[in-house]
Amino acid sequence: MRFAESIVFSGRLSTLYQLAKEKKIDTALQGSHTRPCKFWTAMKILSGMERTIVIAHGPSGCAYGVKQAYKLINCRNSGTPYEAVLTTSVNEKTIIYGGEKELREALLEVDRKYRPDVIVVATSCATGIIGDNVDAVVEGARAQIGAKLLPIHCEGFAGEYRSGFDLVFGELAKLMDPPTEESRKALSRSVNIIGSKMGPERTEVDTDVKELIRLVKGMGAQINAVIAGGCSLDELRRAPSAAVNCGLCYDIGYALGREMERIHGTPMNSTILPYGIEATKRWLATAARHLGLEKEADDLCGQEYEAIRAGHEVAKQRLIGKIGVIDGKDAVKSLSIAHMLERDFGMRAIICNFHPWSAEARQTSIDYLLEAGIDPEIIITKGALAFGRYESMRQSEEELLDYLGGLTKDSAVYFGSSLSFPSIPLVDLNAILNRPRFGYKGALKVAQCICKSFDCASRGRSRLTKEMVFPQDPNASIGAGNLGMKASASMPDCTFYGKGGMRRCLND
Amino acid sequence: MLKRLTFADTAHSKDPLLSCALEGVASVIAGIKDACVVIHSPQGCASAVNAAYDRHEIDLTKRKIGCTRLFESDIIMGATSKLERMIKQADENFKSRIMFVVGTCSADIIGEDMEAVCRGMRGEVGAKLIPIIAGGFRGNSNTGVDLGLEALLQLIAPSALRIKRTVNLIAPQATVNPGWQADLQWVKEILFELGISVMTTFACNTSLEEIEKAGTAQANLLLSHDAGYGFASRMHEIHGIPLILDDIPLPIGLENSNNWIRALGEHFSCSGKAEKIISRGEERVVGILRKRGMMMIPRYHNCRIAVASDMTFGVGLLRMLYLELEMLPELLIVKSSAPEGARLMEAELEELRISPEVVLDADGYQMKEALKAIEVDAVAGSAWESYIAEELGVKVAFDVFAPTNRVLYIQEPYWGYEGMLRLLQAFAGDWERAFRSKSIELDYL
């Protein structure tokens, strides 16, 4: 197929955004493009709360899956002690007679045996359908239980996956104490980082969150909480009194920031992800305004830039005028990278396969970018909209190769997963050693990654790894309609989902 | 009588160590060639199915899983037509010979008539449709293996023919060995050497034809003490195939391997061949350990050990740990409780004349409390127990069972002679790591 035939959209971000607003482009997300259910995403946030026990009111499998997926990783990479995920082990009898009595007993048991700060009751499909009155059970048990109780209605069928993030962040706001004059004063130099998930940061590598904490502390402020990246009830209770909420991501955590602003008047630092020099400067400056640390932030930015100046100038000299083709699958990140490439390195950014759904769902980041005067080129091919995640990946790969055919190895670089095999140099910012990506240090790291990929361009990509992802043998993948998703979200899903388009969050 | 530990506050809240019935069902289906699966469920349940396919190490390009993605409106209005559409779509895309249509919690509770849907669509699709109701609330993953196996009974052709020196192998996947397929391979090699053919494996890379002719086998061999007993019993009832070797531990360690091979030899009248395998195996184990493992004698002698595993390894490891390594099993934490397996454990402990504390159907809380209560020097278990051991100050943790932090590109057996050596090799590596210094004194120089 000629590349022109595979184009669905080609134009500026502002045009795509307008088309999406006016419903002139189909923004439905393919059923195969989302994987976890609302229960899983809710649990991902809850797994980031310290001394919190979740009782999954349902069969054992729901709790077990979450425990294997999130808690084991926290032990492995983040040095957390063993953390339980409880279940009421709903069985056939419970399905017939209801599970309210069991849940009440479970609450009392859990409070006695773990003495947690918070007990969360997370509903599953099974208990959602049989109609257990979880709120009433929780209310009835409050007087007898030392822990704070929080019911979360996150049945897997009750909304698309993202709704679980918003729901839990919204509910966590209920655990927060209203600020007092005294508490505001005490935390007048403190920041909450919001939008984290799963648990504490990895212990053995630098991470983006660690870099943000270093920068915040560098301008003389403190971190009150990383919500929910291993935060305690006390930190959460104090959170509204912090001087400002700084977003780690404008999808996850945005709901919490807005809720805290609405209820408690806690200001929110609404800038783009701090990828690159300009964005970091803006991120810090906006936070500093609320902290009364403008001069300190300015000084810090000066020092940080001074530390990378030599490397940055050399890299910029080399990168200026080159093209950065950015995989748009992770929409917010792709916008941030586009911002960095244009502003910090003088490159031309083209975002490839920025799903029209994102043009509708990622308004905040798009608004910011457009206001900042960055309006990157967007190309959407049929592959992005193909059904089945592997089909989409395979077709997009072919279309990408076709598109990149006109670009030379020394003129353009591709930002995306190393599971993709473009004909131009590739930078995979998710590779574990490429951290931090935020901040000044991150900007230099990214610049060095780009230069390194140009240096290695003559090597090409591994025949071995390409064959692993895209087998030459056409029979190898026929019918499967998929590859498998094992550990990483960047790997394609292996499940073939029923058609029906993306459902809106039913709680919205 | 097993000396069972008891715990307060565990009747209504569990920290589960086993997945739900859906994953068990999927772990049977994943073992069948030319099969696809449609799960009638919200999208999150697909992760349990994928976990089962991961356990089978199914090539990423060869998975055939469909999901109806049920949402609230489907729960209220029913989703039969959605299921029918999905079945057609899956049939067109996957072109499988057999399609398992699996109802999970949601479909099960709202009463989706999966059987009627499958019956009604038989003429419309190419694949043979097999409905399975597998609401996660119907039990744990072992129950699911039983449900999956039960669904296969209808595919076995009735036959008066009995082919001598043939066996069916049942439930090889119901074990905590992350490399269980290597155990299965070892079993097949031993059988081959004894002149016994495998008719059907339930199920690992098994074709529809193999399942159909399972009724002609001479005997059934169960490769788990956690699941498959019900299926074996039904096979006996329906097809008259007896279950053999179910009264001895599986071939874990030297003596259990010897006993298991010897029992096979006796049953199939090939004791001479069996003794040759035993003698060669013993020679291999002793030869290697004499060269490599001499240090394990002072290390393991009277080392107090806790085992955290399923019943398959809980029963199987006892003899090796106690008699062969001279360890002292002080605590057995078993995450399942199949009565047949528990009886076998009881008999084994009686014969060995030891009485460690036992936890059956253990959950995470019980596991941790038991390890707090019973002082041990080492724990053999999964990554979970290795973290708990570290937290509690137990110096040595053998991280050998699933989920493990051990990276395995190539599956390793734990059964048989080679398997025993692999297990001991893993033990030795973890022992060494436990006592290696993790800090570098930079000021020392």
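The values are calculated or read from the model by the stated rules, or taken from the named source; none is laboratory data. Quantities reported herein were computed from a predicted structural model and do not represent experimental measurements. When we count neighbours, we look across all protein chains shown, and the Cβ atoms used for this are built from the backbone with ideal geometry, even at glycine. Note: accessible area is taken over every heavy atom of the protein model, side chains too, but ligands, DNA and RNA are not part of it. Shrake-Rupley method; radii C 1.70, N 1.55, O 1.52, S 1.80 Å.
Of note:
- Here the accessible area is traced with a 1.4 Å probe on the protein chains. For region A:1-114, carbon and sulfur cover 50 percent of it.
- Chain B: angle of helix B:80-94 to the longest principal axis, Cα-based, in degrees nearest 10: 70 degrees
- A:TRP357 accessible area, 1.4 Å probe, all protein chains in place, Å² to nearest 10: 20 Å²
- Relative to the longest principal axis of the Cα atoms of chain B, helix B:229-239 runs at roughly 50 degrees.
- Counting only Cβ charges, +1 for Lys and Arg and -1 for Asp and Glu, the dipole size of chain B around its Cα centre is about 1140 debye.
- The Cα center of region B:375-445 and the Cα center of region A:47-93 differ in position by 24 Å.
- Measuring heavy-atom accessible area with a 1.4 angstrom probe and counting protein chains only, the residues of region B:16-32 that give up at least 50 Å² relative to the chain alone are B:PRO16.
- Residue (of A:ALA228, A:CYS451, A:ALA143) at the positive-pole extreme of chain A, dipole from beta-carbon charges: A:CYS451
- Cα gyration tensor, the protein assembly as shown - rounded (a/c under 1.5), prolate or oblate: prolate
- Drop in accessible area of at least 30 Å² in the complex versus isolated chain, residues of region B:359-390, 1.4 Å probe: B:TYR365, B:TRP384, B:TYR387
- Per residue accessible area of region B:21-155, 1.4 Å probe, in Å²: 31 Å²
- Largest to smallest accessible area among B:TYR417, A:TYR254, A:TYR97 [probe 1.4 Å]: A:TYR97, A:TYR254, B:TYR417
- Relative contact order of chain A: 18 percent, from C-alpha pairs under 8 Å at least 6 residues apart in sequence.
- Label-point separation, B:HIS236 to A:GLN363 (7 Å along Cα→Cβ), nm: 6.7 nm
- Interface area, B with A, accessible, probe 1.4 Å, both sides summed, Å² nearest 100: 5500 Å²
- Taking all protein chains into account, the per residue accessible area for region B:166-266 stands at 28 Å² (1.4 Å probe).
- Accessible area in square angstrom per residue, region B:293-435, 1.4 angstrom probe: 37 Å²
- Region B:362-445 shape via C-alpha gyration tensor axes, a/c threshold 1.5: oblate
- Kirkwood analysis of region A:307-440, using all unique Cα-Cα pairs, places the hydrodynamic radius at 15.5 Å.
- Solvent-accessible surface ranking, highest first, for A:LYS185, B:LYS62, B:LYS335 at 1.4 angstrom: A:LYS185, B:LYS62, B:LYS335
- Only Cα pairs under 8 Å and 6+ residues apart enter the sum, and on that basis the relative contact order of region B:195-306 stands at 14 percent.
- Pairs from A:LYS382/A:LYS409; A:LYS38/A:LYS71; A:LYS466/B:LYS62; B:LYS33/B:LYS335; A:LYS44/B:LYS335; A:LYS101/B:LYS372 whose Cα-Cα separation, in the structure shown, is over 23 Å: A:LYS382/A:LYS409; B:LYS33/B:LYS335; A:LYS44/B:LYS335; A:LYS101/B:LYS372
- For B:105-114, mean number of other protein chain Cβ atoms within 10 Å: 4
- For peptides A:85-94, B:279-288, B:41-50, sequence by mean Cβ density within 10 Å, most packed first: B:41-50, A:85-94, B:279-288
- Tilt relative to chain B, helix B:364-373 - C-alpha long axis, 0 to 90 degrees, to 10: 10 degrees
- If only the Cβ of Lys and Arg carry +1 and only the Cβ of Asp and Glu carry -1, the dipole of the protein assembly as shown around its Cα centre is close to 1740 debye.
- Taking all protein chains as shown and a probe of 1.4 angstrom, A:SER420 keeps an accessible surface of around 20 Å².
- Selection from A:LEU72, A:ALA56, A:ILE152, by position along the positive dipole direction of region A:38-174 (Cβ): A:LEU72
- Percentage relative contact order, chain B, counting C-alpha pairs under 8 Å, at least six apart: 16 percent
- Whether region B:222-270 is rounded, prolate or oblate, judged on the alpha carbon gyration tensor where a/c under 1.5 counts as rounded: oblate
- With every protein chain in place, region B:293-435: carbon and sulfur % of accessible area (1.4 Å): 50 percent
- Label-point gap, in nm, between B:ARG119 and B:GLU390 - each point 7 angstrom along Cα→Cβ: 5.5 nm
- At the residue level, A:SER458 shows approximately 110 square angstrom of accessible surface with a 1.4 angstrom probe and all protein chains present.
- Computed over the protein assembly as shown, the per-residue total of -39500 (n - 2.57) for DSSP H runs of n ≥ 4 gives a 222 nm mean residue ellipticity of -13500 deg cm²/dmol, rounded to 500.
- Chain-alone versus full-assembly comparison, region B:86-100, residues with accessible loss of at least 50 Å² (1.4 Å probe): B:GLN89
- Basic side chains Lys and Arg get +1 at the Cβ, acidic Asp and Glu get -1 at the Cβ, and with that the dipole of region B:81-223 about its Cα centre reaches some 300 debye.
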